[in-house]
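First the structure, in the form of structure tokens, and then the observations on it.
The values are calculated or read from the model by the stated rules, or taken from the named source; none is laboratory data. On a predicted model such as this, the values are computed, not experimentally measured, just so you know. Neighbour counts are summed over all protein chains in view; Cβ atoms, including those assigned to glycine, are modelled from backbone coordinates with ideal geometry. Ligands, DNA and RNA are stripped out before the accessible areas are found, and what is left, the full protein with its side chains, is counted by its heavy atoms. Shrake-Rupley method; radii C 1.70, N 1.55, O 1.52, S 1.80 Å.
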Amino acid sequence: MKTLKSYVCGRWHEAASGFATLVNPSTEEEIARASSQGIDFGEVLAHAREKGGPALRAMTFAQRSGLLKEMSRVLRDHRDELLDLSRQNNGSTAPDGSFDLDGATGTLAFYSAMGKRLGDRTFLTEGEGVQLAKTEAFWGQHILVPRQGVAVHINAFNFPAWGFAEKAACALLAGMPVITKPATATALTTERCIELIVEANLLPEGALQLIVGNTGDLLDRLGPQDVLAFTGSADTAKMLRSKENLLASCTRVNVEADSLNAAVLGPDVAAGSPTFDLFLKEVAREMTQKAGQKCTAVRRILVPQDRMDEVQDALIARLEKVVTGNPADPSVRMGPLATANQLEDALRGLAELQQGARIVHGGAKRIDGVGAPEGKGFFLAPTLLRSDDARNAGPVHDREVFGPVATLLPYDATATAAAEVMALGGGTLVTSVYSDDAGWIGDFLVRGASATGRVYVGSQSSVGETPGSGAALPQTLHGGPGRAGGGEELGGLVGLRLYLQRLAIQGSKTLVNELAGVAS
Ligand code: NAP
């Protein structure tokens, strides 16, 4: 069995004990083990702070852009190998693995292009300079400089490549060294990504380190110039963000957590119309892509109340076609959940959801998967629930079941009701609205927009052109209020700001402009 290693202080560290076992979720075969025991986290931080940070800060955006370009290339060159690891450890079908891996290389390439445009500068200016007194003898200008600490990235199990790459792209381009920690249970793909980058000798020493296994006392050592970016469950986020030292030193913490994303069918969308078909196709895909293990997956489906039966039947017809099983079998369209714990948690969650809704398709128990040994594998059939009282659906609005599970909910066809029911989720990453009526969508936005980080509009005019609501694109914001963690990632320059310190420079206009590199 392979032993995964951490990459720290410029060398590979293999632990001697304390191992967690990684399994193939389709067969339950043991494939690797991981542990971080024996790592001196003080040394790891010092290595990043003393070597990686200064080297990156000495580079211009254009030079850092070159690093990201090469990282993207190396991962792309090993796409097939990485997809195979994702199949083995995450149970990903080829399209699901590509969603993760191509997302990783695409995001690195996007930020590389952005760095090139930012050019031969080591810091950014923000906004226009402003006169602060009667004359230009007193002037102000905001600038953004790299923070002189370390970016610690803790990722969830579901995106082993993209999770690492989307965070690393922003931090490295901003000029901060990275310590990345994938979820232990699915660390196989991330470990290989880092190994490929290290073997290609692309980055300055100390710019990128990897921890497989737990983080020991790493987080207790973070201070005022460091950044912690976390993706995972709301419970872990709450525990981490309340750490005494992080609070005391106001360490920046960004959280991407649970989200009960809603898809809303507008009242104008007739059965059989292109927008209706888009709605059905995308909702079914959002439920089943990566076996529903996506923070952006649709969990609640809001439908005008007199259309509930029609939508239920049409969605079930699509879900019935999904073949669940071992992605090694070519007929399979949906793989297993990633771990035994995830399956147990999903089954517990389904039991909870049934306090406010009833199952109309699928079921609340493990199934055997096509192409998998009998009795083995963490398979769950696509499962659709229905509640006929959206405002009293209880756990449907606060329990994320991280699997191929969603609930149909009725609303009275008004934008106000749709927005109110959507907002019961307590803050989401994305809300998708399927409608061709700009007035109705506008009303929905006025009432509900602040409860979500992104509104995706599916309409006749975008059929065939969009990747669906589940794709977190680097150009636009990924993050949402409330339950979704309150964080902000990606979104072009927005994603860099976490790693940059904004400060105002005040003085005479001539001097300020000279310091900020602005033409007077
Ligand atoms: P999790 O159990 O909270 O774990 C997330 C990460 O936190 C893992 O790397 C885990 O490491 C680490 N961790 C746990 N306890 C820790 C501690 N005491 N100190 C340091 N690190 C610790 O979540 P998960 O089950 O992997 O992920 C599923 C959740 O992530 C879902 O709720 C989903 O909504 C959310 N998610 C959100 C987004 C988003 O962008 N908003 C994206 C993907 C997933 P170990 O594996 O070693 O325990």
Close pairs from the stretch 384-399: first closer than 16 Å to VAL298 by Cα and in the same structural domain as ARG300 (by TED's automatic domain parsing), partner of a type in the set (Val, Ile, Thr) and surrounded by fewer than 18 Cβ atoms within 10 Å (Cβ to Cβ), Cβ under 7 Å, at least 6 apart: LEU384/ILE316; LEU384/VAL360; LEU385/ILE359; LEU385/VAL360; ARG386/VAL360
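Within the stretch 188-209, can you find the residues that are free of Cβ contacts under 8 Å to residues at least 60 places away in the same chain and either on the phi > 0 side of the Ramachandran plot or among the polar types (S, T, N, Q) (or both)? Walk me through it before giving the result.
Step one: filter the stretch 188-209 for residues free of Cβ contacts under 8 Å to residues at least 60 places away in the same chain, giving 190, 199, 201.
Correct list: THR190, ASN201.
Is it fair to say ALA372 is outside any loop (DSSP other than H, G, I, E, B) and surrounded by 18 or more Cβ atoms within 10 Å (Cβ to Cβ)?
no
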Cβ-Cβ distance below 8 Å, separation of 6 or more or different chains: which pairs start in the stretch 304-319 with a residue that is under 20 Å from MET422 (Cα atoms) and of a type outside the set (D, E, K, R) and end on one that is part of a helix (DSSP H, G or I) and open to solvent by 20 Å² or more (accessible area, probe 1.4 Å)? none
Here the qualifying pairs (Cβ atoms under 7 Å; residues six or more apart or on different chains; first in the stretch 482-501 and more than 10 Å from the ligand (Cβ to nearest atom) and among the small types (Gly, Ala, Ser); second assigned to a helix (DSSP H, G or I) and open to solvent by 60 Å² or more (accessible area, probe 1.4 Å)) come out as none
Which condition breaks for ARG300 when tested against (1) basic (Lys, Arg); (2) open to solvent by 20 Å² or more (accessible area, probe 1.4 Å); (3) within 16 Å of the ligand (Cβ to nearest atom)? (2)
Those residues that are open to solvent by 70 Å² or more (accessible area, probe 1.4 Å) and in contact with a Gly (Cβ under 9 Å, 6 or more places away or on another chain), I need them from the stretch 462-475; list them, please. LEU473, GLN475
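In the stretch 497-510, what residues are outside any strand (DSSP E or B) and in contact with a strand residue (DSSP E or B) (Cβ under 8 Å, 6 or more places away or on another chain)? So that I can check it myself, show each step before the final result.
Let us first name the residues in the stretch 497-510 that are outside any strand (DSSP E or B), namely 497-499, 508-510.
Across the stretch 497-510, the qualifying residues are ARG497, LEU498, TYR499, SER508, LYS509.
Just to be sure I understand, how many residues within the stretch 477-496 are touching a Gly at 6+ places or on another chain (Cβ under 6 Å) and not in a helix (DSSP H, G or I)? Spell out how you get there, then give the answer.
Going through the stretch 477-496, the residues touching a Gly at 6+ places or on another chain (Cβ under 6 Å) turn out to be 477, 479-484, 487-489.
After this cut, where a residue has to be not in a helix (DSSP H, G or I) as well, the list is 477, 479-481, 487-489.
Total meeting the criteria: 7.
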Would you call LEU196 more than 10 Å from the ligand (Cβ to nearest atom), over 20 Å from the mean Cα position of the chain (by Cα) and not hydroxyl-bearing (Ser, Thr, Tyr)? yes
Subset of the stretch 233-249, residues open to solvent by less than 20 Å² (accessible area, probe 1.4 Å) and within 18 Å of GLY479 (Cβ to Cβ), comes to ALA237, LEU240
Failed condition for HIS78, given (1) surrounded by 21 or more Cβ atoms within 10 Å (Cβ to Cβ); (2) in contact (Cβ under 8 Å) with a residue 60 or more places away in the chain, with all others met? (1)
Against the condition surrounded by fewer than 22 Cβ atoms within 10 Å (Cβ to Cβ) and more than 23 Å from SER65 (Cβ to Cβ), how does SER98 come out, does it pass? yes
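Looking only at residues in the stretch 389-409 that are out of contact with any Pro (no Cβ under 6 Å at 6 or more places or on another chain) and part of a loop (DSSP other than H, G, I, E, B), which one is most open to solvent (accessible area, probe 1.4 Å)?
Of all residues in the stretch 389-409, those out of contact with any Pro (no Cβ under 6 Å at 6 or more places or on another chain) come to 389, 391-403, 405-409.
Remaining after also requiring part of a loop (DSSP other than H, G, I, E, B): 389, 393, 398-403.
Working: ASP389: 74, ALA393: 0, ASP398: 90, ARG399: 38, GLU400: 26, VAL401: 4, PHE402: 27, GLY403: 1 Å².
Here the residue is ASP398.
To keep it simple, each residue is scored yes or no on (1) within 16 Å of the ligand (Cβ to nearest atom); (2) assigned by TED's automatic domain parsing to the domain that holds LEU384; (3) open to solvent by less than 40 Å² (accessible area, probe 1.4 Å).
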| residue | (1), (2), (3) |
| --- | --- |
| VAL253 | yes, no, no |
| PRO267 | no, yes, no |
| GLY272 | no, yes, no |
| LYS290 | yes, yes, yes |
| ASP306 | no, yes, no |
| GLU310 | no, yes, no |
| VAL323 | no, yes, no |
| ALA340 | yes, yes, no |
| LEU343 | yes, yes, yes |
Would you say GLY453 is surrounded by 19 or more Cβ atoms within 10 Å (Cβ to Cβ) and touching a residue at least 40 places away in the same chain (Cβ under 8 Å)? no
How many residues of the stretch 210-236 are more than 7 Å from the ligand (Cβ to nearest atom) and in contact (Cβ under 8 Å) with a residue 60 or more places away in the chain? The answer is 15
Are there strands (runs of 3 or more DSSP E) fully within the stretch 133-185 with at least 1 residues that are closer than 18 Å to ALA229 by Cα, within 13 Å of the ligand (Cβ to nearest atom) and in contact with a helix residue (DSSP H, G or I) (Cβ under 8 Å, 6 or more places away or on another chain)? List them. 151-154, 178-181
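If you go through the stretch 496-520 one residue at a time, how many are of a type in the set (Asp, Glu) and surrounded by 14 or more Cβ atoms within 10 Å (Cβ to Cβ)? Before you say what the answer is, go through the steps one by one.
Within the stretch 496-520, the subset of a type in the set (Asp, Glu) is 514.
Subset that is surrounded by 14 or more Cβ atoms within 10 Å (Cβ to Cβ): none.
The number of residues fulfilling the criteria is 0.
Answer with yes or no whether ALA419 is away from the ligand (no atom under 16 Å from the Cβ), under 15 Å from ARG299 (Cα atoms) and in contact with a helix residue (DSSP H, G or I) (Cβ under 7 Å, 6 or more places away or on another chain).
On the way: away from the ligand (no atom under 16 Å from the Cβ): yes; under 15 Å from ARG299 (Cα atoms): no; in contact with a helix residue (DSSP H, G or I) (Cβ under 7 Å, 6 or more places away or on another chain): yes.
No: the conditions fail for ALA419.
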If GLY448 satisfies every condition in (1) small (Gly, Ala, Ser); (2) open to solvent by less than 40 Å² (accessible area, probe 1.4 Å); (3) outside any helix (DSSP H, G or I) but one, which is the exception? (3)
